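Note sheet for the following structure.
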Amino acid sequence: MPHRIVFSDIDGTLLNPERELSEFTISEIKRIKDKIPVILISSRMPSAMTHLQEKLDISNQPLICYNGGLILINKKAVHSTHITTDIIEELHSFNTNQDIHISVYHNDDWYVPKMDYWANREAQNTKVNPIVKPLDQVIQEWKSENKGAHKIMCMGEESFIDKTYTFLENNFAERLHLYRSKPTYIEIAHKSISKLTAIEILLNTHFNIPIAKAVAFGDNYNDIEMLKAVGTGVAVANAKPETLEIANTITLSGKEDGVATYIKNNIL
């Protein structure tokens, strides 16, 4: 089955051990990009993805950010789903006696309460610097502007993250996606969105390509729905066991240029 469009996750999938794009990955994507659209799809914010687009010479293509919570075409939002401020307030109140770092994101703004270990680590990984502002102040500003969070990130010691996950699951299971990307992380998104919903929106409204002609690459739990639905779901070898199990095929690990290797052998 010929592939007509490529969707690729970033972290754990597309990047090398230095969390950069390898020359092999850059050259393979550049080789196909004029005939096959290549779309980056991630839980990252836009500015943590656009520098990768520029290196791949695919800045003309849409971006799927925040696991599908924000879709950009020509840097303009064509779809946006956010978490309301009432949920952020309750999480903030719960955290009063905890020691969890709470980051909140809206479009290309990332707010942190302070530049602690977690904020510095995330800034180093994504090459984006946050805005330091107390969370209660952000909440009040967003209320007046009718804004919400495209993503909430909770980071902290595993025992505190366990308690926070339980609190969120008990109170907001029907309104939130809770994704434990690491034992010390919870990535939180609106329940109604996913990478798959974003792919469907783009294929139906922008590309007019059937999903059976799409190939997608991923490694983690939040990639499973996407990999199952596209014509060819490709897991990198370092993927979670559950992700490997549902994939149509498995390529080399992300750190071994698995995406580029598959593209070289199977596309054009």
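What is the chain's relative contact order, in percent, from Cα pairs under 8 angstrom and six or more apart in sequence? Don't skip to the end; give the middle numbers.
Working: 516 pairs, mean separation 59.9, N = 268.
The normalised contact order for the chain reaches 22 percent.
Using alpha-carbon pairs under 8 Å, 6+ residues apart, how would you state the relative contact order of the stretch 90-185 in percent?
Working: 100 pairs, mean separation 30.5, N = 96.
Reported relative contact order: 32 percent.
With only Lys, Arg, Asp and Glu charged, each at its Cβ (+1 for the first two, -1 for the last two), find how big the charge dipole of the chain is about the Cα centre; round to the nearest 20 debye.
Numbers: 28 positive and 34 negative charges, 180 e Å.
The dipole of the chain has a size of about 860 debye.
Evaluate E = 1/(1 + (r/R0)^6) for SER93 and ARG19, where r is the Cβ-Cβ distance and R0 equals 41 Å; express this FRET efficiency to the nearest 0.05.
Values: r = 35 Å, r/R0 = 0.84.
So the FRET efficiency works out to roughly 0.75.
Multiplying the sequence separation of ASP116 and LYS55 by 0.36 nm and subtracting their Cα-Cα distance, what value in nm do you get? Could the numbers behind the result be given before it?
Values: separation 61, 0.36 × 61 = 21.96 nm, distance 2.98 nm.
Here the answer is 19.0 nm.
Express in Å², to the nearest 10, the accessible area of ARG175 obtained by rolling a 1.4 Å probe over the protein heavy atoms while all chains stay in place.
Estimated to the nearest 10 Å², ARG175 gives 100 Å².
Can you pick out the pairs among LYS75/LYS163; LYS182/LYS213; LYS75/LYS240; LYS55/LYS151; LYS133/LYS240; LYS147/LYS255 whose Cα atoms lie more than 29 Å from each other? Present the calculation step by step, with values, prior to reporting the outcome.
Numbers: LYS75/LYS163 37 Å; LYS182/LYS213 32 Å; LYS75/LYS240 32 Å; LYS55/LYS151 25 Å; LYS133/LYS240 35 Å; LYS147/LYS255 37 Å.
Those over the limit are LYS75/LYS163; LYS182/LYS213; LYS75/LYS240; LYS133/LYS240; LYS147/LYS255.
To the nearest 20 debye, what is the magnitude of the charge dipole of the stretch 1-152 about its Cα centre, counting +1 on the Cβ of each Lys and Arg and -1 on the Cβ of each Asp and Glu?
Details: 17 positive and 20 negative charges, 123 e Å.
The dipole of the stretch 1-152 has a size of about 600 debye.
At 1.4 Å probe radius, can you tell me the per residue accessible area of the chain in Å²?
Numbers: 11920 Å² over 268 residues.
Averaged over the residues of the chain, the accessible area is 44 Å².
Tell me the carbon and sulfur percent of the accessible area for the chain, rounded to whole percent, probe radius 1.4 Å.
Details: 5530 of 11920 Å².
Using a 1.4 Å probe with all protein chains present, the chain comes out at 46 percent carbon and sulfur.
Can you tell me the length gained on complete extension of the stretch LYS213 to GLU256, counting 0.36 nm per residue apart and subtracting the Cα distance?
Details: separation 43, 0.36 × 43 = 15.48 nm, distance 2.55 nm.
That works out to 12.9 nm of additional length.
Please figure out what share of the DSSP beta bridges in the chain is antiparallel and state it in percent, rounded to the nearest 5. Let's see the in-between values first.
Working: 25 of 43 bridges.
Antiparallel: roughly 60 percent of the beta bridges in the chain.
Could you tell me the relative contact order of the stretch 132-268? Use alpha-carbon pairs under 8 Å, at least six residues apart, and round to a whole percent.
Details: 181 pairs, mean separation 18.4, N = 137.
With pairs under 8 Å counted, the relative contact order is 13 percent.
Need one word for the stretch 130-224: rounded, prolate or oblate. Basis is the Cα gyration tensor (sqrt eigenvalues a ≥ b ≥ c); a/c below 1.5 gives rounded, then a/b vs b/c decides.
oblate
So how far, in whole Å, is the C-alpha centre of the stretch 202-231 from the one of the stretch 1-53?
Rounded to whole Å, the Cα centres lie 14 Å apart.
Please state the shape class of the stretch 95-164: rounded when a/c is under 1.5, otherwise prolate if a/b exceeds b/c and oblate if not, all from the C-alpha gyration tensor.
oblate
Mind ranking PHE7, PHE207 by accessible surface for me, highest first, 1.4 Å probe? Kindly include the intermediate steps, with their values, before the conclusion.
On the way: PHE7 0, PHE207 40 Å².
In descending accessible area the options line up as PHE207, PHE7.
At 0.36 nm per residue, minus the direct Cα-Cα distance, what do PHE167 and GLN124 gain on full extension? Give it in nm, one decimal, please.
On the way: separation 43, 0.36 × 43 = 15.48 nm, distance 2.91 nm.
Length gained, PHE167 through GLN124: 12.6 nm.
Net charge around LEU268, counting only other residues with Cβ within less than 13 Å of its Cβ (Lys, Arg = +1; Asp, Glu = -1)? Present the calculation step by step, with values, prior to reporting the outcome.
Numbers: positive: ARG4, LYS30, ARG31, LYS33, LYS35, LYS264; negative: GLU28, ASP34.
Every neighbour counted, the sum reads +4.
If you rank ASP34, ASP162, ASP223 by how much accessible surface each has, with a 1.4 Å probe, what is the order from largest down?
On the way: ASP34 130, ASP162 65, ASP223 0 Å².
Putting ASP34, ASP162, ASP223 in descending order of accessible area: ASP34, ASP162, ASP223.
Work from the charge dipole of the stretch 1-138 (Cβ charges, +1 for Lys and Arg, -1 for Asp and Glu, about the Cα centre) and give the residue of ILE32, HIS101, ASN120 farthest towards its positive end.
ILE32
Rounded, prolate or oblate, given the Cα gyration tensor of the chain, with a/c below 1.5 counting as rounded? Please list the in-between numbers first.
On the way: a/c = 1.78, a/b = 1.67, b/c = 1.07.
Prolate, since a/c reaches 1.5 and a/b exceeds b/c.
The values are calculated or read from the model by the stated rules, or taken from the named source; none is laboratory data. Source: prediction; values computed, not measured. Here Cβ is always computed from backbone atoms with ideal geometry, including for glycine, and neighbour counts include all displayed protein chains. Heavy atoms of the whole protein, side chains included, go into the accessibility calculation; ligands, DNA and RNA do not. Shrake-Rupley method; radii C 1.70, N 1.55, O 1.52, S 1.80 Å.
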